[in-house]
Each structure stands twice: as C-alpha cells, then as structure tokens.
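A short write-up of the structure that comes next.
The values are calculated or read from the model by the stated rules, or taken from the named source; none is laboratory data. On a predicted model such as this, the values are computed, not experimentally measured, just so you know. Note that each Cβ is placed from the backbone with ideal geometry, even for glycine, and that neighbours are counted across all protein chains shown. Ligands, DNA and RNA are stripped out before the accessible areas are found, and what is left, the full protein with its side chains, is counted by its heavy atoms. Shrake-Rupley method; radii C 1.70, N 1.55, O 1.52, S 1.80 Å.
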Protein chains: 6
Amino acid sequence: METVILTDPPRASRETVEALASIGVATIHEAMGRTGHISALRPIQQGVRVAGTAVTVLSWPGDNLMIHAAIEQCRPGDILVVTTREPSSHGMFGELFATGLAHRGAVGAVIDAGIRDTQELRDMGFPAWARHINVMGTVKSTPGSVNVPIVVGGQVIDAGDIVVADDDGLVVVPRAQADDALVASRARLAKEEATRAAFEGGELGLDRYGMRPVLADLGVAYRRHPEAP
Amino acid sequence: METVILTDPPRASRETVEALASIGVATIHEAMGRTGHISALRPIQQGVRVAGTAVTVLSWPGDNLMIHAAIEQCRPGDILVVTTREPSSHGMFGELFATGLAHRGAVGAVIDAGIRDTQELRDMGFPAWARHINVMGTVKSTPGSVNVPIVVGGQVIDAGDIVVADDDGLVVVPRAQADDALVASRARLAKEEATRAAFEGGELGLDRYGMRPVLADLGVAYRRHPEAP
Amino acid sequence: METVILTDPPRASRETVEALASIGVATIHEAMGRTGHISALRPIQQGVRVAGTAVTVLSWPGDNLMIHAAIEQCRPGDILVVTTREPSSHGMFGELFATGLAHRGAVGAVIDAGIRDTQELRDMGFPAWARHINVMGTVKSTPGSVNVPIVVGGQVIDAGDIVVADDDGLVVVPRAQADDALVASRARLAKEEATRAAFEGGELGLDRYGMRPVLADLGVAYRRHPEAP
Amino acid sequence: METVILTDPPRASRETVEALASIGVATIHEAMGRTGHISALRPIQQGVRVAGTAVTVLSWPGDNLMIHAAIEQCRPGDILVVTTREPSSHGMFGELFATGLAHRGAVGAVIDAGIRDTQELRDMGFPAWARHINVMGTVKSTPGSVNVPIVVGGQVIDAGDIVVADDDGLVVVPRAQADDALVASRARLAKEEATRAAFEGGELGLDRYGMRPVLADLGVAYRRHPEAP
Amino acid sequence: METVILTDPPRASRETVEALASIGVATIHEAMGRTGHISALRPIQQGVRVAGTAVTVLSWPGDNLMIHAAIEQCRPGDILVVTTREPSSHGMFGELFATGLAHRGAVGAVIDAGIRDTQELRDMGFPAWARHINVMGTVKSTPGSVNVPIVVGGQVIDAGDIVVADDDGLVVVPRAQADDALVASRARLAKEEATRAAFEGGELGLDRYGMRPVLADLGVAYRRHPEAP
Amino acid sequence: METVILTDPPRASRETVEALASIGVATIHEAMGRTGHISALRPIQQGVRVAGTAVTVLSWPGDNLMIHAAIEQCRPGDILVVTTREPSSHGMFGELFATGLAHRGAVGAVIDAGIRDTQELRDMGFPAWARHINVMGTVKSTPGSVNVPIVVGGQVIDAGDIVVADDDGLVVVPRAQADDALVASRARLAKEEATRAAFEGGELGLDRYGMRPVLADLGVAYRRHPEAP
C-alpha cells in the first residue's frame, strides 16, 4: 500500500464548522439522516463540545511516526484524527503531541487507539476522545499516511471533513454536505425546542406524534394490570 | 408474543421507596441475601442515589414506540426501566423523554440499551443508568409491552418493584419483599456502622469475625518472608 | 497449591516511593524501558496519584478471607493489591476494608476484581483502582496467600514492589530496580520538559527527532492533495 | 438467601419433549413468539440436537457443591442447567459429572460458566453447551440451590421446563406452554417447508410475503446503478 | 438518509473472481498491500473458500426487509453482504434465504449480524460468515438500501467488489483493482511457494530475508542462557 | 528494556515431556494445585494434544522479526510461544513459520496474538493455539527478546518450561516442577479413573466425597417441590 502525506487538503469553511460546534452530536446525526456517528471512542473529559476539520492519520499499531508528520499539516481549527492499521491499545497520543497541536491552533484529538497523560490533557484544556487509556509507548519505524480517507468506528473520514465531538461521542459531517447538514441541524434544533416546550407542558409523545392509532393497528392492547389496586 | 400495555400496576409504598432511597445499593443487596443486583448498567452522573417504582418497557431494538407509551403510565416516584428484545446499542433515551418524565414526577431512567444527550441530562438533573452511550436514533414501527416482567442484567423486574440506583449500580427489590428488605437493610446499616467504628479504632476483621481459627483450619500458614529485613 | 501468609516482606524505601509518587505513570513506564504498566484496571476517582509498596493478595473468586488476613500485614505507605485465582467481578473491596487500611496508613487499593461503595470511597478520600464496579458480596471459605508474587494485568507484582497509580493506570516498579527507575524517571522528566518547551515554541517533532530523512527512507511521499484549494 | 434443594419437580411430558427434540431451536423460538432463546452459550460439539426437562442449579462461582447435589435429582430425559450467582469462567463441569449424568439417563448439560474435558465429552457422546472452556477447578464450600428458578442468558428457567439445544443455541419452553409450543412449532415447520419449496422453485420473498408495496410505501426507490453496464 | 435499491451494479469479471477463489485470503490481502481484510466475522463451516461479487445490503437492526429485496438483485457468482445501521445480534439470515440465494446461483453470504440454521446451512453446502450465531427473528418494517457502499469490519464494500472468504476470514478486492490484485496475488503465491520449499529444506528466515544485520543494528544481543546445560 | 536472544536454555527432559503429553491439561492443572492454566488462547484444530519445551518470544505488536530469530533456537520437542508487548490481533504466525518449525522438529505453536493460514496448518498437521484468527500481516522493524520469561494469559512462561495443550486450553509446567507434576498427574489420573468407574456404577459424588453432612451443616434444606406430582 502506497504511503503518502497529502498536503493542503480542502477544508470545510470555518463559519460552518463553528456553527456546528454549537449544536450537539445527537442533533447533527439525526439531521443528517442518522449517518456518521461514532460511539466506540469516549471523551477523556466531561462537558466539552468541539468541532474541527479533520487531519487524518493512518498509522501502524504502536508506531507514532505518522502523527509527528501530521502535526505539521494541522492548521487552526483542525482536529487530529488517528487510526491504526489493526486495532491497537498503545498510548499513541499524550501531552507532548497536544502541546504541539495547541501551538498550531488545533481544537482537539480523536484517537482510535490508546491515549495517555489524561490528567495533564484535562489540566491544559486540550479535549480528546479515544478508545483506550494506556501509557504503553510507541516506536517510530513504520510508514503510514496522512490526509487519506480512513475508517474510524465504522465511519469513513476524509481530510477536511468536519468532526463534531461531545460527551455523547462523535459525528462526521462530510465536507460536501456541511452546509446542508447545518441547515438541517438548525431546523431540527428548532423542532426539538418546540417538542421540549410541549413536553414540559405535559403533552405526550403518543399524542404529539399521533402514535395511538399506530399502537392500535399493531395490535398493542391496553389492559388493567391484574393486580391493579 | 402478545404485546400489551398494563395500566395501574400495583406499586410499592412511597414511604418504603423513600426510605430505601437513603440506603446504598450495596447494603440493600446484602440485606436481601445478595439478590437483585445489576452491575452491567452504569450511571451517567456521579454521586446521585435514587429509588423508584418500576414502569417496565419491553421494546424492539432501535424502536422507541413503547417508551412513548410507557411515559403516559408513569406516576410521581416511578422510575422508567427499558430493555430490548435483543441487545441494542441504539440511543433509545435522551433529553426529550427525560423532559416528559420529569413533568410526570418520575425520578430517573434505567436503559438497557444506549442513551444520548448525556450532558443535557446531567444539566437538567435527571439521573440515568444505561449500558451504552450512543446517539444513534430510533424508529417507531414495532410493537412491544409496558409493565410486563422483564429481565435486565440477569434480574427479573416487574412493574411496581422498587429499583434503587447509585454509583455502584442497581438493585431490584421485589414489591412483596420491600418492607422486609427495608427492615433488613436498616439492621445491616447499623451493623456496618458498628464495624466501621471498630475498624476506625484499629480492630481487625480477622478478630472481629473470628477468622484466625478458620485460617488455621484451612491450613494457611504464617511464615516470615524469606527476604524479611 | 500451598497457601501461606508471608509476614514482613522487604519494602522499597519510603523516600524512593514518595519521590516516584510525584512522577506520572506514563513517565516512569517509559523510563523503565516500557515495562510494568497495567491498563486493564481503572481508577474510581479522577486527578489522584499515589505510590505505595505492595502487599499482595491471591484470593479465591468471590472470597474475601485473604483480604482480611492481608490488612493486618499492611504498614504505613503500603498499597493493597488483590487478584483472584480466576477472573471475578465480585465486589471484593469496599468502604469497611478501606477504613481498616486507612487506619493502618495504607495509601490505596488495587483490586483485580470488582469494587463497591465507590462514592463512599471517594468521600473518604481513599483512592482505588479496580477492574469492575459491582456490589455482589463475598464469602470467607477458601484459603489463599498473602505477599506471594501475583500477576495483575499481565504484570508480575511481588510484595514490597512499588505500585504507582494515577488516571492513566498503574505501573509496577520492582523493588530491586526502584532507585534506577527513579533516576531514569527524573532524567526523562527533564527531557520531557525540554521537549514541551520546544513544542510550545513551535518546534516540530519531525525536526526535533530528525524524522524527515526517516520518512524519506521509508518511501513516504509528500503530495499536494488532489483537491487542494 | 435461603438455599434449598427441591425434589421431584413437575416435569413436562416425555412425549412432548421428544417431539420438540426433532424440531430446531430457531423454529421453536419463532413458534413461541420469539421468546426463550439463549445465544450466549455455545455447543462444544457440532450437529447434535437434544431436548430435556431442566434440573436447575444455582451455584457460587467456582464451587461445584450444588452440582453434586443436583446429579441425584436427575431422572432419564433431564438436562442439567447450571448457573452461578456471579459470572464465572471456572471449569465447573467435565467428564466425571457427565459420567454420573449419563448413568442416570440425563441427555445433556447447559453450563453458564466454564466447562472442561471437552474432547472426552465429545468422545463419550455427552452433549454440552457452555459459556467458557476452561480447566480451572472448583471448591465445595458454599451453599446454593437446586430446582429453583434461575436466569441464564436473559431467560428464566424453572425446574421441569423444556430446554432444546442445537448448533444455533438454546430455547427454553416453559412447562405450561409445552403443548402449545409443540403445536405451534409443527405448524411453523409446515409453513417453512412450503416456503422452502417455493424458494427452491424460484419464488421471491418479495412476492410471497407481499413486500413490494411495503417498500414503495416506505419510500424505497429502485434506481439503475450509475455505473450499470 | 435516502433509501434506494440500485439495480444492475457493475461486477468484476467472472474469470477474475474465479481465479481469486483459488487463492487464500491471507495471500490476496498481502498482495494488495495489506488492505481489505475483515477478521471480525467468522465462518460457520470449515475448509471452504469462496469468492463472489458483492450485493450489499444496509438494513435496520433486526429487520430483514432489505435482504428480501436484495435476493432479487443477486446473479450467479454473487455473494450477499449484509450489515445493519447499528450493531445487531439478531439472526438475520438462515436456511430459507440461503435456499433463495442458491436458486439464483449466489455463492455464499456474509452477515455482519447474527445467523441461524447453521447446521442446515452446512448440510445444504451453503457457505456463510457471520458475527453472531443467534436464532432471534426479525421484522420487516424499516427501509434500507441495496447495492450502496457499506462498511463491514472496518472495510468499505461496494456493489460489484469481490469478496473472498475462507477459514481465515475475508478480504475485499475493489472491482477496479481486481486484475492488479490477481496478478499480484499470483506473484506472491509463487514467492510463498519458493519460500516454503526453502524452509522445508532448512533455510532460515533470518538468512533468507537478511535479518541478521538488522538484529545487530537494532542492538539485539545473543547471549548464552545463564542456565544453559 | 534490553533486547536479547538467549541461546541453549535448559530444557525439561524429553521423557517427562512425552509422558505429560499423554495426560490432559485439566488433570495436570489439578495435579499442580490448580496452577499454570491458560484459557484465553484457543486451538485451531480439534482432538489434538501436544506437549513441548517452550521457546519464548517477546515481540512488538505486528512485528515478526523476533519470531524469525526464535525459529533458529528451536530444537526437536520444542513448542514456540509468542506474545507481544501490548495486545495485538495481527496474524503473526502462519504456514511458512510452521514449515520452518516442522523442519526443526518443533511440536506446535502458541500465539498470544493472531494466527493465519489456519486451514493450511490443519492440512499439514501442525497444531496451534492462538488468541485471534486474522490475516493482517506484519513488519520486521522493532527489536524484542527470545527465551526470556514472558506472561501469557496470566501465567509466567520461561524458556524450557513445559507447555501442554489440548482442546481445553493450555497448562504451563515449570521445568523445576516437571517431575513432581508428572508424579502428581499420574496419581490424579488413577484417582479419576476410580471415580469414573464408581460413577459409571451409579455411586453419587454426594456419597463418594461425603458431602451430605456438608450440605446439612451449610443449612441447605431438602424440600419437596411445591408442585411435585
């Protein structure tokens, strides 16, 4: 397999990315027709939401050579997304990489492998999502690629795609769909807000979504519990 | 399989439920002869303990139709308990459902599937326990049942049973055993308090529980470490 | 298998232990040539780092008899390390054991099984690492050993070895290597600090570690992204 | 929790059990409305199907005392079903137990724990299903119960219920539903046979089940592949 | 998300597919630069190797509607590849589907979910690979797509791509790379044959691959074992 | 960490190894006081039992350099035992390595990582046990060690120790304990044979092991089932 570092990938617009950063992963995922979500990676902090344009890394397990190469490709607003060619629990990312990324204006890191220095990362306010927490170190021996399409948690991520991440997990917004996704997400937000207000007022989903006849059609019977008081 | 919504199930008494809410899951579990505990579901918050009477939901994986039906059956002091007919990681519960439950006075949710909007749930103070965190949405196509007995984490839960939940997990107290469980739990609490005081004073479990002769009978030898200083 | 309680094991020096307690698990692990790390057990609290000399326990699954025997063997500065002869999720450690350990000056507990009373342990400030959280109780029927070598998470731990634990996991420092490990860890800390300063100033790992020729030798090509703007 | 050995449980009729033994687990499961299936335990042999009346065992993890007690309760046509009060991988069943069971006419064993002597069991033709394969032995120290209701793989099994097991897994037929389950299973078998014949003749499920309008109603579009030849 | 059935996808040539069917998954995977392999799905039979052109299915978990639609799209030499929009253990494929596929000349099935009727499938000689074995049935309620790109076990599979499957797992050969992959696989086969002959004759990999200086350069020392006889 | 290849390790005697090869893993494990068993690795074949003296390999994940070095160290009667410094699913062993080992008289391979060419290995009659089946290939870049002590599945294995493997898993017999283990295993075999004969004749374990008073002492009650016929 050819190994290559692609420079200057196209990126989704900063405005769109920042607008998506204010909307939750669940809402964007729904607005995009329930596509793009990644649940296998978990945040190392709580209560943080970020969005960035992906710089992708395909590494050999336990080898961080290509992450070093990828740092140089990061621009303000990017998010580093690392996977390995076979599942790995090595601690492939930590405080020193985060220091380099922070200097370049990257907004976070998504590591489909292990991560370490978790307390230090929280202390410096650098958000990260990972599959494992593990201190085991790495070597720098085997080539890989930067900014090629990768698969993370069942989703394809290409350089320049938008990754939104919060406590619920991550969602990938393909660059070409970013504007549509933003419009749809805002529409869904409005709808959710209306539903929330209705539910706060006591309306039931059964009525709001017209599900009573659906239950009847499906043959779901209502019966008083045999031991009802 | 017949699908049915049982209304007005019998419920354990509010007084008993509230009394159990002040006792930890571990203590109640011990007091009931080590029965009823569920460890496979984890809290999405820290430091919260609740107890409620179960409204049970048996759903098709990835289908939230019956949760909508169950909301209507909830009364103040209830706790919603959802399982699926086959393991599912779908985000079957989130902020909107919690809004509806909070309006009806439910005290929490136990989801043997995925949950989403975890930060929003923490922000609104609605406690929840779940097997997965996942934004993936649901459909409303397949019938199921409400308030029938279900199995969650190896335990049978029936409508009206008491579910106590805290950072350690959950324990199910069958409605018919609730008063006995409360008496036994209080007795155990007192015993634990006495033991704690003894241990704080330096007494050893070996002596308090009379285990030195047990060790001897079992042939456990004491020997000075060969490299003892 | 003989069952034995070894008393008065040799212990690493307090000064070395305390010095290591101020250095992170990741750094010590690296300084020791990437040996000794345990990632399968997770902390029940956040932001705490401790180091102690191990008192080891080999128990039958679901049986806490030998933990009682081990408490008596603990001295100020020790850390209790428990494993079972076959994987177990039982809640083998909780608040009462912690009370006894705290009285004797132990600094924490490492449980390769389940743990319970997690909130109470956090409230009393007793740090712990475990494989499972589970309230399920134990019996006191089957013999085991104290202060014999055990294997936890793939690492051999002997009585008197140093265990350092933080949010990243654990590292075992064999007693005989403790002084060397401390020297090497301090050297590595200094090196990491220099690297951090360099990265904060914008230097790249590619340059600092001389990896550009490595990439070239490995045939990694730089190419402008076909869709570069 | 009270520990008890219940003798002479009621049993489903031999004729019904034997009739179910000739029908596959998948078919019976479907005929019962998709209830009762267990997929977490796997057979140690291939191509064997058995059905028996359950003798249930609730053991302490790693303790085979109650299995010994249960052997005496087995009658010809029974199947031994063992679970533990907390997940266990111990090899709780092997050739010697199978020898005792075979002498008493039991038809197989279902072990929700570990099993050993797998080759010997195959050689003697004693079928078994288990969660783990593991030689680790057991003690005989802690009480448990025989012929009380237990939960295995999410299903409640009571003494005298029918357990059918084959390469696909297991299905539990509650004793009271056995005759109905047999009638429904035979009806389903006939229906499956007709469907098989239709499919062998080239009929499509789309047509046989009338799903073309369903697809249309759901908005599923047919489109020629953009790269169609 | 749009749901669509794409008809008449382009297919890799029969000659290439059949040629690849005679080469093992491991060899093809190596020949393609170590891409395309899937290890998470396991065969239900032993000693069978097939290759086919993929007809892809994206289903809702526990819903087999789209598999019915996909059967009609299968042609001789195809292999059915099914995934679900969220992980599912439902038994989504069995004997009846296999009967329909066999009638149409399909060579096998790859199910990223559960499978059932495993003994019947072996008896009829229809090879299959799956993630789970489980009898749990399905509904036919929710739309999905056929012949769109899907992700299975971390690999993207598009309609018409070649899937080769044997006891080692699966490898996906993108249609556009099929001829190159065949050439490279044959070259690698020849090389492996030469290596096998050399190794049978006693040559060591250390010598054949020139690794002795590599070991020396890496600082790997040879030392006589301290307890050497 | 120093990387080294230790040559000419001491080996357990061939007679002892061959004698142990005729005794099952479960029996030896019991005879050694229930120590040394490994259950996490599974055989790729059925019905085969081997015993050999261990040549141990500590590799970097996904790197087979040290396996090449280890082949040269193998002698007739050896068994190759490979682990990695962090969990790895790479296919680190296959037909070509087996060819080299077979030439040198090694009796099998134990791979705590992935294995490939499983059908070819069965065809050539080379037995193997592994944690994963996976074709993903390896590099030859990172140093490791041969014939140093390693930990596999929680057990320490040193060069020259005896590894016995069959369908139940593996057991490690430390070289220094080999003769004692053989004597104890033969004694246990004889005892098992007597028990088997007794059980075939209808004796119950309850009587043979004198467990009836134990049950009574533990408070286990016998009661007629409330629904007894």
Report summary line: Those residues of the range C:87-97 that are surrounded by 24 or more Cβ atoms within 10 Å (Cβ to Cβ) and not in a helix (DSSP H, G or I) come to a total of 6
Report task. Check the range D:5-15 and report whether any residue there is under 15 Å from the mean Cα position of the chain (by Cα), of a type in the set (D, E, K, R) and farther than 25 Å from residue C:90 by Cα. Result -> no
Report task. Say whether the condition of being of a type in the set (D, E, K, R), farther than 20 Å from residue D:33 by Cβ and out of contact with any Gly (no Cβ under 8 Å at 6 or more places or on another chain) is met by at least one residue in the range D:183-198. Result -> yes
Report summary line: Residue hits (the range F:9-47; more than 30 Å from residue F:72 (Cβ to Cβ), in contact with a strand residue (DSSP E or B) (Cβ under 6 Å, 6 or more places away or on another chain) and open to solvent by 20 Å² or more (accessible area, probe 1.4 Å)) are F:39
Query - Test result for residue D:163, within 30 Å of residue F:211 (Cα to Cα) and part of a loop (DSSP other than H, G, I, E, B) - result: no
**Report entry** Given (1) more than 14 Å from the chain's Cα centre (by Cα); (2) over 30 Å from residue E:139 (Cα atoms), index of the condition residue D:78 fails
**Finding:** (1)
Report task. Please enumerate the residues belonging to the range D:60-84 that are part of a strand (DSSP E or B) and away from every other protein chain (no Cβ under 11 Å). Result -> D:78, D:79, D:80, D:81, D:82
Report summary line: Quick count over the range B:173-195, residues being open to solvent by less than 40 Å² (accessible area, probe 1.4 Å) and either within 12 Å of chain C (Cβ to nearest Cβ) or aromatic (Phe, Trp, Tyr) (or both), is 2
Report task. Among residues belonging to the range E:156-172 that are facing another protein chain (nearest Cβ under 10 Å), of a type outside the set (D, E, K, R) and touching a residue at least 40 places away in the same chain (Cβ under 8 Å), point out the one that is surrounded by the fewest Cβ atoms within 10 Å (Cβ to Cβ). Result -> E:160
Requested in this report: Take the range A:215-224 and flag every residue that is within 7 Å of another protein chain (Cβ to nearest Cβ) and under 22 Å from residue B:60 (Cβ atoms).
Outcome: A:215, A:218, A:219, A:220, A:221, A:222, A:223
Query raised in the report: Of (1) farther than 30 Å from residue B:90 by Cα; (2) in contact with a strand residue (DSSP E or B) (Cβ under 7 Å, 6 or more places away or on another chain), residue B:151 satisfies all except one. Which?
Result: (1)
Query raised in the report: For the range A:8-42, which residues satisfy the criterion of being within 14 Å of chain E (Cβ to nearest Cβ), of a type outside the set (A, V, I, L, M) and not in a loop (DSSP other than H, G, I, E, B)?
Result: A:29, A:30, A:37
Report task. Answer yes or no as to whether residue B:182 is farther than 24 Å from residue C:2 by Cβ, in contact (Cβ under 8 Å) with a residue 40 or more places away in the chain, in contact with a Leu (Cβ under 7 Å, 6 or more places away or on another chain) and hydrophobic (A, V, I, L, M, F, W, C). Result -> yes
Query raised in the report: When only residues in the range E:144-157 that are touching a helix residue (DSSP H, G or I) at 6+ places or on another chain (Cβ under 7 Å) and not in a strand (DSSP E or B) count, which is farthest from residue F:136 (Cα to Cα)?
Result: E:144
Query raised in the report: What are the residues in the range A:98-141 that are assigned to a loop (DSSP other than H, G, I, E, B) and either open to solvent by less than 10 Å² (accessible area, probe 1.4 Å) or more than 14 Å from chain F (Cβ to nearest Cβ) (or both), if any?
Result: A:104, A:105, A:106, A:107, A:117, A:125, A:126, A:127, A:134, A:135, A:136, A:137
Report task. Please verify whether the range B:152-169 includes one or more residues that are at pLDDT 95 or above and more than 19 Å from the chain's Cα centre (by Cα). Result -> no
Report task. Kindly indicate whether residue C:81 is modelled with pLDDT of 95 or more, open to solvent by 10 Å² or more (accessible area, probe 1.4 Å) and out of contact with any Leu (no Cβ under 8 Å at 6 or more places or on another chain). Result -> no
Report task. Among the residues of the range A:196-229, count how many are of a type outside the set (Phe, Trp, Tyr) and open to solvent by less than 60 Å² (accessible area, probe 1.4 Å). Result -> 16
